[in-house]
């Protein structure tokens, strides 16, 4: 099955990228006063539902769309995991250097094996390869598996208490400090994107697809439900431990948010074509390279531990986004093209 480039998907990933960028910079460079203010909480919220769940759901969708062979998916997953470990090493380079130089007494492995969303993505691609081979397209089984992953955290014992110094367990499960994207429960979003593709292409009648009244009703109901659940979603998102290890209710909130956001993004892309939308789409097309460069840069700059007010954050945001954009552009248009040539 051939994958077609979607402007809407690129736009969604580009916005999610900027949402992730701003929350990382807020956490790294803002004072505690800013972090605990309403501005800091809004920053945390926009770094939540509009960011990681969007990335993962779109990834699940395109796994279904491309239909890559089993072995290619396994290799792709391993590459993403290795890239995640490399990003961890790169973003913690000053600390690792101090440890190697003997000026810092710390464990270097905890910085390399930290839980990164690239590691989650790699695990998810490998898991999807296995799941697709076992389930063979039965959509209800995928839906059931989503529920399994959302409820597993209530069944599995708290491994962080029994294995507090584990390097690999935080990638899979456990409420470890800094383990924001463990495989359980976040794999559910990849499954959700995969299921959405199956429903959209194989289980929705043509009359339903093109029925304007049905679409209007769904959008209105989704919007009302989103407004009613927004306080709950906001309160979960601004608490990192709740956000990282959320359950069914917050997952449903995110899925509804994604439904609304997908329709909104499609409408924006259809009606607006300017420098902002084109830049966001470019970011979405180069999301992995942008993420890698940004995380390495921000991690090394944050080693200075310079905390500032809102004006300082705006300066840092503009500087980091500008520098990352320049490096990624050079890589994509000069280095990568010459290497491929």
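The values are calculated or read from the model by the stated rules, or taken from the named source; none is laboratory data. No experiment lies behind these values; they were computed from the predicted model shown. Virtual Cβ from ideal backbone geometry, glycine too; neighbours counted across all protein chains shown.
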For this session: Count, please, the residues in segment 149-168 that happen to be surrounded by 14 or more Cβ atoms within 10 Å (Cβ to Cβ), free of Cβ contacts under 8 Å to residues at least 60 places away in the same chain and assigned to a helix (DSSP H, G or I).
Result: 4
Exercise. Within segment 174-185, is there a residue that is outside any helix (DSSP H, G or I), touching a helix residue (DSSP H, G or I) at 6+ places or on another chain (Cβ under 8 Å) and without any contact (Cβ under 8 Å) to a residue 24 or more places away in the chain?
Worked result: yes
For this session: Restrict the check to segment 79-98 and report whether at least one residue is surrounded by fewer than 17 Cβ atoms within 10 Å (Cβ to Cβ), under 30 Å from residue 201 (Cβ atoms) and out of contact with any strand residue (DSSP E or B) (no Cβ under 6 Å at 6 or more places or on another chain).
Result: yes
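Residue-wise test of (1) outside any helix (DSSP H, G or I); (2) in contact with a helix residue (DSSP H, G or I) (Cβ under 6 Å, 6 or more places away or on another chain); (3) over 25 Å from residue 175 (Cα atoms).
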| residue | (1), (2), (3) |
| --- | --- |
| 234 | no, yes, no |
| 243 | no, yes, no |
| 266 | no, yes, yes |
| 270 | no, no, yes |
| 273 | yes, no, yes |
Exercise. Would you say residue 87 is in contact with a helix residue (DSSP H, G or I) (Cβ under 9 Å, 6 or more places away or on another chain) and under 18 Å from residue 24 (Cα atoms)?
Worked result: yes
For this session: Scan segment 87-117 residue by residue and report those that are within 25 Å of the chain's Cα centre (by Cα), in contact (Cβ under 8 Å) with a residue 60 or more places away in the chain and in a helix (DSSP H, G or I).
Result: 87, 90, 91, 93, 117
Problem set entry | Looking only at segment 245-258, and only at residues there that are touching a residue at least 40 places away in the same chain (Cβ under 8 Å) and assigned to a helix (DSSP H, G or I), the one that is surrounded by the fewest Cβ atoms within 10 Å (Cβ to Cβ) | 248
For this session: State yes or no: is residue 67 closer than 22 Å to residue 125 by Cβ and surrounded by fewer than 23 Cβ atoms within 10 Å (Cβ to Cβ)?
Result: yes
Exercise. Residues 48, 60, 14: which one is outside any helix (DSSP H, G or I) and within 21 Å of residue 256 (Cα to Cα)?
Worked result: 48
For this session: Check 32, 65 and return the single one that is out of contact with any strand residue (DSSP E or B) (no Cβ under 9 Å at 6 or more places or on another chain), at pLDDT below 90 and over 25 Å from residue 197 (Cα atoms).
Result: 32
Problem set entry | Complete set of residues in segment 118-143 that are at pLDDT 90 or above and either closer than 20 Å to residue 51 by Cα or not in a helix (DSSP H, G or I) (or both) | 118, 119, 120, 121, 122, 123, 124, 125
For this session: Determine if segment 296-307 includes at least one residue that is at pLDDT below 95, outside any helix (DSSP H, G or I), more than 23 Å from residue 29 (Cβ to Cβ) and out of contact with any strand residue (DSSP E or B) (no Cβ under 8 Å at 6 or more places or on another chain).
Result: no
